[in-house]
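Working notes, beginning with the structure itself.
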Amino acid sequence: MSETTKTALVTGANKGIGLAIARGLADLGFTVAVGARDEARGAAAAESLRAEGARAFAVALDVTSEESVAAAARTVAEKAGRLDVLVNNARISGSTEEGAQDPVTLDLDVVRAVLDTNVFGVVRVTNALLPLLPLLRRARSPRIVNVSSTMGSLTLRTGPVLAAYGPSKTMLNALTTQYARRLADTPVLVNACCPGWVATDFTGHEPDRTPAEGAAIALRLATLPDDGPRGGFFDDGGVVPW
Ligand SMILES: NC(=O)c1ccc[n+]([C@@H]2O[C@H](COP(=O)([O-])OP(=O)(O)OC[C@H]3O[C@@H](n4cnc5c(N)ncnc54)[C@H](OP(=O)(O)O)[C@@H]3O)[C@@H](O)[C@H]2O)c1
């Protein structure tokens, strides 16, 4: 792979906003590693992007598995040699069965499962892939984007009461600031974004907003200038209150 081609990895990129982010990064000239926990779905997504002219390859990546994440890091290293942009997009919403995410009857197994994907998954993936990011090379403009939600904003408190999913995004926002502080003396800019209410399987394709529209803020954070923000939370309208 050429020295000038930049590589991006998107988790949960086989569908929805993740696939739209992968497509957008490919349109911007990135070689895209399409992370998917299901190999066949990942292969199909990468194939569909290649059919559109993208440089894309599938990476088997279950963010809840240390082994899968380690193997994915090896795959990216072998196929691309390095990573310039990491987009942590994968998530689960967790069971919404009667009472499961009602705080007064909260099912802690649901909380554990949601945190394992939405928060611990981000830590697993970020820490496994960080060695591939050019920590010393400002010119490659490395970026980490965590796809969060205004449902995690303690100020806005949007959406339904979902006491596993909402707080998982609050913690993801907090982690974003911790990573940004830890990497403050490197060229890696770490930020979080909210895509808005977007038509995906999660929302039953109810909203009018398309995955491409939802992907726009992640693409902006993935391509920030070198003097861009660190440890912020943004949507299309600008800064989102914590
Ligand atoms: N849609 C919205 O309105 C909205 C609003 C605010 C924030 N967001 C955020 O935007 C991001 C994308 O949301 P979306 O609506 O596109 O979600 P989605 O359609 O439910 O897609 C989620 C993706 O994450 C993957 N995933 C789940 N568990 C995984 C695991 N253990 N390892 C790897 N991948 C896993 C899924 O894979 P499978 O296909 O195998 O299940 C799928 O590719 C999420 O972070 C979400 O919180 C979305």
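What follows is calculated from the coordinates using simple rules that are stated; it is not laboratory data. Fair warning: this is a prediction, and the values are worked out from it, not measured in the lab. With ideal geometry, Cβ positions are generated from the backbone for all residues, glycine too; neighbour counts draw on all protein chains shown.
Helical content of the chain, expressed as a calculated mean residue ellipticity at 222 nm, amounts to -11500 deg cm²/dmol (DSSP H runs of 4 or more residues, -39,500 (n - 2.57) each, divided by residue number, nearest 500). For the chain, the longest principal axis of the Cα atoms and the long axis of helix 39-51 meet at an angle of about 50 degrees. Counting only DSSP beta bridges with both residues in the chain, the antiparallel share comes to about 10 percent.
With N the number of residues in the chain, Rg(Cα) / (2.2 N^0.38 Å) evaluates to 0.95. Over the C-alpha atoms of segment 56-130, the Rg to Rh ratio, Rh being the Kirkwood estimate, stands at 1.11.
The calculated FRET efficiency for the pair Arg220 and Ala71, based on their C-beta separation and a Förster distance of 22 Å, comes to about 0.10. Between the Cα long axis of helix 211-222 and the first principal axis of the chain there is an angle of about 60°, rounded to the nearest 10.
Distances between placed amide hydrogens fall under 5 Å for Gly12 paired with Gly35, Ala36, Arg37, Ala90, all partners being 5 or more residues away or on another chain.
For the Cα trace of segment 89-207, dividing Rg by the Kirkwood Rh returns an Rg/Rh value of 1.02.
Over segment 12-63, calculate the relative contact order: mean separation of alpha carbon pairs under 8 Å at least 6 apart, over the residue count, as a percent.
38 percent
Scoring 108-121, 189-202, 64-77, 23-36 by mean Cβ neighbours within 10 Å over their residues and listing the highest first yields 23-36, 189-202, 108-121, 64-77.
Taking only the alpha-carbon positions of segment 1-145 and ignoring solvent, what does the Debye formula give for the base-10 log of I(q)/I(0) at q = 0.10, 0.19, 0.21 Å⁻¹? Summing over Cα pairs of segment 1-145 leads to -0.35, -1.04, -1.22.
The value obtained for segment 143-211, namely the Cα convex hull volume divided by the number of residues, is 91 Å³ per residue. Annotation: for a label point projected 7 angstrom from Cα along Cα→Cβ of Thr210, residues of segment 23-48 with backbone N closer than 17 Å are 23-28.
When the charge dipole of the chain is built from unit charges on Cβ atoms (+1 for Lys and Arg, -1 for Asp and Glu) and taken about the Cα centre, the candidate among Thr210, Leu115, Ser141 whose Cα reaches farthest toward its positive end is Ser141.
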